[in-house]
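K.L.:
Okay, here's the structure, questions in a sec.
The values are calculated or read from the model by the stated rules, or taken from the named source; none is laboratory data. Model, not experiment: these values are computed from the prediction. Methodologically, a virtual Cβ is constructed for each residue, glycine included, from the backbone with ideal geometry; neighbour enumeration extends over all protein chains shown. Accessible surface is based on the protein model in full, side chains and every heavy atom, while ligands, DNA and RNA are left aside. Shrake-Rupley method; radii C 1.70, N 1.55, O 1.52, S 1.80 Å.
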Amino acid sequence: AHHRLSLKPLENAYRGGMRCGDTQYALFCAHQYYIHAFQCGEELSALEKEIKTFGDQMLENKQDLFSKYAQVFRQTVLNWMGCCNDPLKLTGVAMDQDQLLNNALENNHMSLVYVIHHSRSYLAFAFGHYELASDFAEQGQNILDSGCSPTFAVVTHAFVYGLISFVLAGKTHQIKWKTNAFKCLKKMEVWSESAPSNCLHKLLLLQAESAVLLGENSTAAIKYNAAIKMVENGGFIHELALIHERAAVFYSEQGDTSKACHHYGQAHVVYLQWGAKGKADDLRINCPF
């Protein structure tokens, strides 16, 4: 089933729990709701307000650990929106990164540590800091390897880590990045068979990046187009923007200015639709055309 189908039941469960006075259950459902909403690409400005409301309720009801997760996701959203001093650091109106990370490590809240690393990894990749993104992704992978994590978090991590690895494999020609990239791709192949509505467009993008690395440019073009068509029909607007951006980079490197401009333009439009003005502005400033 599509990941977005979980949103309405979680929202209803939250409201029902609050009406019945079961605040712990209600806030657990709220916690799951905003995580799923972010993963599905829900509009960021509205989501930021929802997370703040949930976070305030968590503090009021002494759900301290849940409130820390809310701080991380809210600051991550704000960074994408451009409401921060440094998009690569989760410090701003919602949280202080170093303070929260140190507290999580001291209390052995490794799932919270993972969320911080993964959020920074995705942001660093999106803003073109690939080596930094790989550092955070590796730290996140070490945590995933040492314990259990929610399935969709594992899927998203493999998707981002795979993209990072394909880019670095092309830039550095180091075998470790090529090995890791194809490892992530193989995982996505398995998940796409059982959950195509959530994973197939991710697989197609990884396959496009794989084709670029192998010099199979016609295959890459086909895979980028297939990924775009797949995600256009199934939500995940934030990943649609990313696919357009990666396609733009590909066509730019091939010297096809017309197609590169088209995909850069589409990426910019879709990032704005998602509410990621910070990323959209960065793309506009750094676009080669």
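K.L.:
When you check Ser111 against the structure, is it farther than 22 Å from Ala276 by Cβ and not in a helix (DSSP H, G or I), yes or no?
P.N.:
Judged against the criteria, Ser111 is not a match.
K.L.:
Quick one: count up the residues across segment 119-151 that are within 24 Å of Gly278 (Cβ to Cβ), open to solvent by 30 Å² or more (accessible area, probe 1.4 Å) and not hydrophobic (A, V, I, L, M, F, W, C).
P.N.:
Going through segment 119-151 one residue at a time, the tally reaches 7.
K.L.:
Scan segment 30-40 and give yes if some residue there is surrounded by 14 or more Cβ atoms within 10 Å (Cβ to Cβ), touching a His at 6+ places or on another chain (Cβ under 7 Å) and free of Cβ contacts under 8 Å to residues at least 40 places away in the same chain, otherwise no.
P.N.:
No, the conditions are met nowhere in segment 30-40.
K.L.:
Here's a follow-up. Given the structure, is Leu283 assigned to a helix (DSSP H, G or I), modelled with pLDDT of 95 or more and surrounded by fewer than 18 Cβ atoms within 10 Å (Cβ to Cβ)?
P.N.:
no
K.L.:
So, in segment 1-13, of the ones that are over 17 Å from Gly41 (Cβ atoms) and either open to solvent by 30 Å² or more (accessible area, probe 1.4 Å) or touching a residue at least 40 places away in the same chain (Cβ under 8 Å) (or both), which residue ends up farthest from the chain's Cα centre (by Cα)?
P.N.:
Asn12
K.L.:
Just for segment 152-199: of the residues that are hydrophobic (A, V, I, L, M, F, W, C) and more than 30 Å from Gln32 (Cβ to Cβ), which one is surrounded by the most Cβ atoms within 10 Å (Cβ to Cβ)?
P.N.:
Once the filter is applied, the top-ranked residue is Phe166.
K.L.:
Next question. (1) surrounded by 16 or more Cβ atoms within 10 Å (Cβ to Cβ); (2) more than 19 Å from Arg120 (Cα to Cα): which one isn't true of Thr219, the others all being true?
P.N.:
It fails just one condition, (1).
K.L.:
Which of (1) open to solvent by less than 60 Å² (accessible area, probe 1.4 Å); (2) out of contact with any Lys or Arg (no Cβ under 6 Å at 6 or more places or on another chain); (3) at pLDDT 95 or above is the odd one out, the single condition Asn225 does not satisfy?
P.N.:
(1)
K.L.:
Here's another thing I want to ask about it. Taking segment 47-101, which residues are of a type in the set (Val, Ile, Thr) and either buried (at least 19 other Cβ atoms within 10 Å of the Cβ) or in contact (Cβ under 8 Å) with a residue 60 or more places away in the chain (or both)?
P.N.:
Ile51, Val72, Thr76, Val77 - these are the residues of segment 47-101 that are of a type in the set (Val, Ile, Thr) and either buried (at least 19 other Cβ atoms within 10 Å of the Cβ) or in contact (Cβ under 8 Å) with a residue 60 or more places away in the chain (or both).
K.L.:
Is it true that Gly128 is closer than 29 Å to Val190 by Cα and not in a helix (DSSP H, G or I)?
P.N.:
yes
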